[in-house]
Structure formats: C-alpha cells, structure tokens
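Read through the structure below, which is laid out as structure tokens, and then see the notes.
We did not get these values from a lab; they are worked out from the coordinates using the rules stated. For clarity, every value in this text was computed on a predicted model and none was experimentally measured. Here the Cβ positions follow ideal geometry from the backbone for every residue, glycine too, while neighbour counts run over all protein chains shown.
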Amino acid sequence: MTVNIEVQKNPNENTTSLIRRFTKRMQGSGILPRLREIRYHKRIKSKQTQKKRKLIRLKRKETYEELLKLGKIAERPTGR
C-alpha cells in the first residue's frame, strides 16, 4: 500500500514553510513509522533453528573445555 504525498507551493509561501508543511503531512500519514518497522524489524527464528544453534554452541563449548583441560590451548583472558 503506497501513499503519495504531494504538496504544492502557494504563491506567497517560502521554501522553509513548504518543507515544514510537507514534513507535517508525512508525519500525519504514518508512512515513516511503517517503513522503519519494515526496515529494522528482526525476524523471529523458528524453534528448530534456535535448537540447532544452541546444540552447536554447547558442542563448541564442550570441545573448548576439553582442549583447555588437556592443556592444548591457553585460557582466554577475562575482562579488559
């Protein structure tokens, strides 16, 4: 659903007030909030995808802890 907003310049109107009028009409139409919602909305991942990621994370952590225990890798420094 697209809405075209058109603003005509009145004979005795300066450019600043024309831009102000256009901005007000844009805000009133609700186009910007809708566009921002579409642009920045993150998709919710499915339960199956979340489960797969969690299992991968747990496996990676388990491998790291095992290598750390065997002394094959040095412990990561914590903090700054």
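Excluding the site residues themselves, the longest part of the chain lacking any GluC sites (Glu not before Pro) in a DSSP loop with at most 10 other Cβ atoms within 10 Å is 7-74.
Could you tell me which of G30, S17, L68 has its Cα farthest along the dipole of the chain towards the positive end, charges placed at Cβ (Lys, Arg +1; Asp, Glu -1), taken about the Cα centre? The residue sitting farthest along the positive end of the dipole is L68. Each Lys and Arg Cβ is given +1 and each Asp and Glu Cβ -1; about its Cα centre, the chain then shows a dipole of about 520 debye.
Normalised by 2.2 N^0.38 Å, with N the number of residues, the alpha-carbon radius of gyration of region 36-80 equals 1.82. Local charge for E13 was computed over the other residues whose Cβ lies under 12 Å away, with Lys and Arg +1 and Asp and Glu -1, and equals +3.
Rg and Dmax of the chain, based on Cα coordinates, read 27.5, 83 Å.
Taking Cα atoms only, the orientation of helix 31-40 departs from the longest principal axis of the chain by about 10 degrees.
Among the lysines, which have Cα under 24 Å from the Cα of K42 when same-chain residues fewer than 8 positions away are ignored? Of all the lysines, those that pass the test against K42 - Cα under 24 Å, at least 8 places apart if same chain - are K51, K52, K54.
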